[in-house]
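Before any comments, here is the structure.
The values are calculated or read from the model by the stated rules, or taken from the named source; none is laboratory data. Quick caveat: nothing in here was measured; it's all calculated off a predicted structure. In this analysis, Cβ positions are derived from the backbone assuming ideal geometry, glycine residues included, and neighbour counts consider all displayed protein chains. Only protein heavy atoms, including side chains, enter the accessible area calculation; ligands, DNA and RNA are left aside. Shrake-Rupley method; radii C 1.70, N 1.55, O 1.52, S 1.80 Å.
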Amino acid sequence: MITRIGILISGRGSNMEAIVDHIRKENAPVEVCFVASDRANAAGLEIAKRKGISTAVVSYKDGRAAAETEIEKLWQTYNIDLLVLAGYMRLITGDFVSRHEGRILNIHPAMLPKFPGAHGIEDFWKSGEDSSGVTVHIVDAEMDHGPILMQEEVARTPEDTIDTFETKIHAVEHQLYWRALKSYLQTLKQEAK
Ligand code: GRF
């Protein structure tokens with residue numbers, strides 16, 4: 001059986017692109033049914049189009065509830081099993097999450113529960129700590145919160161600048177998200193048996 005997923009992005013879309021590439025390279029039984037963004041000019045939308053994936057823009061001009069109605073419509077129209085947040089800079093409400101419990105994933109560029117929020121990399125960098133990392137988790141009603149599926153540590157070396165460190169974080173993200181997603185799909189499959 002093919003698992004149907006939708007991906008939400010806000011910007012560059014490099015994590016979305018990595019997931020699509022992993023699926024295609026491995027010929028995995030997963031279909032990315034749509035890529036949607038809250039920003040019409042998100043670069044990732046063009047990448048998705050080039051890859052032949054349907055795209056959509058979710059408008060927040062009438063508030064979060066209206067936007068989530070649009071996301072719900074996408075969910076139903078494309079009949080997806082799972083929603084993957086990949087750099088989606090909006091908070092999903094508890095209402096939406098409770099309708100789709102365990103079916104929304106997120107990636108965060110730090111070792112949650114450390115450094116949640118929009119500036120996980122910068123906040124770690126300023127903290128002076130030696131290492132940070134990447135977290136993939138199930139989304140609950142709190143920001144950057146919910147059961148952790150996988151984490152990978154990324155150490156800061158003396159040669160690192162924030163830019164080189166950020167590059168390392170993204171390189172790990174681009175592998176970890178697919179690994180976590182794949183293993184979570186296995187878990188769901190086992191549970192369904
Ligand atoms: C990633 O670092 C992700 O962890 C964070 O936002 C960034 C999105 O990057 N939530 P991209 O749009 O996937 O390139």
Which condition number in (1) within 13 Å of the ligand (Cβ to nearest atom); (2) surrounded by fewer than 18 Cβ atoms within 10 Å (Cβ to Cβ); (3) assigned to a loop (DSSP other than H, G, I, E, B) is the one that Glu159 fails?
(1)
Given (1) within 16 Å of the ligand (Cβ to nearest atom); (2) over 15 Å from Trp178 (Cα atoms); (3) open to solvent by less than 50 Å² (accessible area, probe 1.4 Å), identify the lone condition not met by Asp123.
(3)
Out of Glu31, Glu68, Glu26, sole residue that is of a type in the set (D, E, K, R), away from the ligand (no atom under 16 Å from the Cβ) and open to solvent by less than 20 Å² (accessible area, probe 1.4 Å)
Glu68
Against the definition (within 24 Å of Ala171 (Cα to Cα), outside any strand (DSSP E or B), open to solvent by less than 10 Å² (accessible area, probe 1.4 Å) and modelled with pLDDT of 95 or more), how does Ala18 come out, yes or no?
no
For Asp144, the lone unmet condition from (1) at pLDDT 95 or above; (2) crowded, with 19+ Cβ neighbours inside 10 Å; (3) not in a strand (DSSP E or B) is (1)
Answer with yes or no whether Ala56 is open to solvent by 20 Å² or more (accessible area, probe 1.4 Å), aliphatic (A, V, I, L, M), more than 16 Å from the ligand (Cβ to nearest atom) and over 17 Å from the mean Cα position of the chain (by Cα).
no
Failed item in (1) under 16 Å from the mean Cα position of the chain (by Cα); (2) buried (at least 18 other Cβ atoms within 10 Å of the Cβ); (3) hydrophobic (A, V, I, L, M, F, W, C), with Leu91 passing the rest
(2)
Taking the criterion of being on the phi < 0 side of the Ramachandran plot, open to solvent by 70 Å² or more (accessible area, probe 1.4 Å) and out of contact with any Lys or Arg (no Cβ under 6 Å at 6 or more places or on another chain), would at least one residue in region 105-112 satisfy it?
no
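Listed here are the residues, each with its yes/no results for (1) more than 19 Å from Ile5 (Cβ to Cβ); (2) within 13 Å of the ligand (Cβ to nearest atom).
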| position | (1), (2) |
| --- | --- |
| Pro113 | yes, no |
| Asp130 | yes, no |
| Val134 | yes, yes |
| Asp144 | yes, yes |
| Ile148 | yes, no |
| Thr164 | yes, no |
| Ala171 | yes, yes |
| Trp178 | no, yes |
| Leu181 | no, no |
